[in-house]
Amino acid sequence: IVGCTHINAQTAVLIETLAALGATVRWAACNIYSTQNEVAAALAHAGFAIFAWRAESEEAFWWCIDQCCTASGTWQPNMILDDGGDATHLMLKKHTTAFKLIK
């Protein structure tokens with residue numbers, strides 16, 4: 001699952017629940033100012049692929065989303081959870097092959 005939402009305590013519960021149900025997730029922030037750094041750090045420390053920090057630059061914002069959309073090894077996204085459409089837009093424009101495989 002590619003996630004692109006605000007990263008806060010509620011999102012952490014969602015990510016942990018999805019993982020407990022068997023999902024592999026890669027997550028970025030949908031807003032450069034909404035990430036709670038302590039939550040992102042705790043998720044990363046727990047082993048989740050989290051690409052976000054508070055007050056990202058515009059360039060870093062898109063880099064983080066791209067890291068979530070890029071297939072790593074045998075991992076391939078099959079779902080997008082996106083608040084604002086940035087990850088969906090990037091997948092459609094830059095990662096068209098992966099986007100077509102999303103169900």
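Please treat every number below as a calculation from the coordinates, not as lab data. A quick note: this is a predicted structure, and the numbers were derived from the prediction, not measured. We place every Cβ from the backbone using ideal geometry, glycine too, and count neighbours over all the protein chains shown.
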- Task: Arrange LEU101, LEU14 by Cβ neighbour counts within 10 Å, fewest through most, would you?
- Result: LEU101, LEU14
- Net dipole in debye of the range 2-100 [+1 Lys, Arg Cβ; -1 Asp, Glu Cβ; about Cα centre; nearest 20]: 300 debye
- Among THR17, THR5, GLY73, whose Cα sits farthest toward the positive end of the charge dipole of the chain (+1 at Cβ of Lys/Arg, -1 at Cβ of Asp/Glu, about the Cα centre)? GLY73
